[in-house]
Amino acid sequence: MAGHHEEHSSHAHGEHSHSDRFYWLVAGVLAVVTALEVGLFIVNEQHLIAKWLEVTLLLILSTIKGAAVVMFFMHLKGDAGIFKFVFLVPLAFATTLLLSFMVLFSEHVGIAG
Amino acid sequence: MSESSMIRPHATTAHHTSLGVDNRKLGVWAFIGSETLFFATLITTYFVFAPVNRARPDFQDPREFLDIELTTVLASILLASSLTMVLALSASKRGDRRWFTTWLLATVGLGLAFIGGQVYEFNHLYHEGLTLSSSLFGTTFFVLTGFHGTHVAIGVIWLLSVFFKVRTYPNSPENAMDVEIAGLYWHFVDLVWVAIFVLVYLI
């Protein structure tokens with residue numbers, strides 16, 4: 001019974017097995033990705049690559065950063081499914097909202113009246 | 001057993017839901033979900049009004065105002081604070097009061113540094129002629145980044161209150177959960193800046 005309680009408590013409190021060294025590693029990856037983002041922005045001030053390609057690469061890099069923060073720092077990876085549900089469903093709505101409005105109103109100059 | 005690794009007996013009460021998870025943690029995740037929609041709305045508004053801003057006589061070009069160097073420093077500060085936050089949580093679960101104190105106060109310090117940097121940026125932009133009412137760019141930019149900065153300030157207050165509450169027994173389940181849910185909020189604030197940094201400053 002006690003063992004069951006400890007196991008239940010451990011799960012409920014989100015005990016995570018990552019070591020401090022792992023967190024430093026994740027932070028290092030985040031720093032490198034941030035450097036890549038800024039480097040890409042600076043290099044492409046000379047318009048070396050197409051804008052759409054730069055935007056695509058920046059979105060991919062920022063998605064990697066965001067996913068790493070959520071999965072490893074916020075411990076969503078491996079945590080209870082209900083936490084994933086209450087975060088990922090609004091995130092899906094938010095992404096849909098942003099993309100829908102971009103499609104509907106991109107270059108639309110009349111919306112502000 | 002050292003004092004730092006002792007757990008206060010009466011502080012082990014958990015708040016389980018019928019789902020078998022802590023109700024405070026579930027509440028914070030739900031709150032973060034709603035905050036995701038809140039910031040998505042502000043970011044969407046920024047983008048929807050960008051072409052309108054360009055078409056108006058009071059047009060102000062974001063590229064003439066935004067300083068990528070300062071913003072990169074601010075992004076690095078918040079990313080570093082996410083690392084110190086997760087290290088504070090790790091130390092609290094180990095019952096290591098010394099490192100818990102170090103990492104949590106480092107997180108607070110980095111949060112204050114971010115706020116200071118943002119105040120500097122806003123002051124600089126104001127003197128350059130970009131204000132809340134100078135153009136649609138100014139309105140949408142200051143509302144978006146201002147709300148984010150406010151969230152950082154609230155996060156600093158939250159972290160400090162958690163620190164003073166749990167510092168004696170950081171590894172009791174109740175107190176470790178306090179640290180964890182404050183950390184979730186803090187990481188979310190970092191996550192929002194990851195989005196703002198790339199969508200507003202780089203694209």
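What number of residues within region A:80-101 satisfy the criterion of being open to solvent by less than 60 Å² (accessible area, probe 1.4 Å) and out of contact with any His (no Cβ under 8 Å at 6 or more places or on another chain)? Residues that pass the stated criteria total 12. Here region B:150-170 is the region considered, the condition is being open to solvent by 10 Å² or more (accessible area, probe 1.4 Å) and farther than 16 Å from B:F100 by Cα, and the residue that is nearest to the chain's Cα centre (by Cα) is B:H151.
Could you list, in sequence order, the residues of region A:61-88 that are outside any helix (DSSP H, G or I) and free of Cβ contacts under 8 Å to residues at least 60 places away in the same chain? Result: A:M74, A:L76, A:K77. Among the residues of region A:42-60, are any within 9 Å of chain B (Cβ to nearest Cβ), in a helix (DSSP H, G or I) and touching a Ser or Thr at 6+ places or on another chain (Cβ under 9 Å)? Scanning region A:42-60, I find no residue that is within 9 Å of chain B (Cβ to nearest Cβ), in a helix (DSSP H, G or I) and touching a Ser or Thr at 6+ places or on another chain (Cβ under 9 Å), so the answer is no. Cβ separations smaller than 8 Å between residues 6+ apart or across chains give the following pairs from region B:156-172 residues that are touching a residue at least 12 places away in the same chain (Cβ under 8 Å) to residues that are aromatic (F, W, Y): B:W158/B:Y185; B:W158/B:W186; B:L159/B:W186; B:R167/B:F100; B:P170/B:F100. Restricting attention to region B:39-69, the residues being within 11 Å of chain A (Cβ to nearest Cβ), open to solvent by 60 Å² or more (accessible area, probe 1.4 Å) and without any contact (Cβ under 8 Å) to a residue 60 or more places away in the chain number 5. Has region B:147-166 got any residue that is at pLDDT below 95, among the β-branched types (V, I, T) and not in a helix (DSSP H, G or I)? No. Within region A:40-54, if we keep just the residues that are of a type in the set (A, V, I, L, M, F, W, C) and surrounded by 15 or more Cβ atoms within 10 Å (Cβ to Cβ), the residue that is nearest to B:I68 (Cα to Cα) turns out to be A:F41.
Within region B:175-194, identify whether any single residue is within 14 Å of chain A (Cβ to nearest Cβ), out of contact with any strand residue (DSSP E or B) (no Cβ under 6 Å at 6 or more places or on another chain), charged (D, E, K, R) and crowded, with 22+ Cβ neighbours inside 10 Å, and answer yes or no. So far as region B:175-194 goes, yes, one or more of its residues are within 14 Å of chain A (Cβ to nearest Cβ), out of contact with any strand residue (DSSP E or B) (no Cβ under 6 Å at 6 or more places or on another chain), charged (D, E, K, R) and crowded, with 22+ Cβ neighbours inside 10 Å.
Results for (1) in contact (Cβ under 8 Å) with a residue 60 or more places away in the chain; (2) under 28 Å from B:A182 (Cα atoms); (3) open to solvent by 30 Å² or more (accessible area, probe 1.4 Å), shown as yes or no for each residue.
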residue	(1), (2), (3)
B:G95	yes, yes, no
B:R98	yes, yes, yes
B:T101	yes, yes, yes
B:T107	yes, yes, no
B:G111	yes, yes, no
B:V119	no, yes, yes
B:F122	no, yes, yes
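The values are calculated or read from the model by the stated rules, or taken from the named source; none is laboratory data. Predicted model, so just to flag it, every value in this text is computed and none were measured. Here Cβ is always computed from backbone atoms with ideal geometry, including for glycine, and neighbour counts include all displayed protein chains. The accessibility values were calculated without ligands, DNA or RNA, using every heavy atom of the protein model including side chains. Shrake-Rupley method; radii C 1.70, N 1.55, O 1.52, S 1.80 Å.
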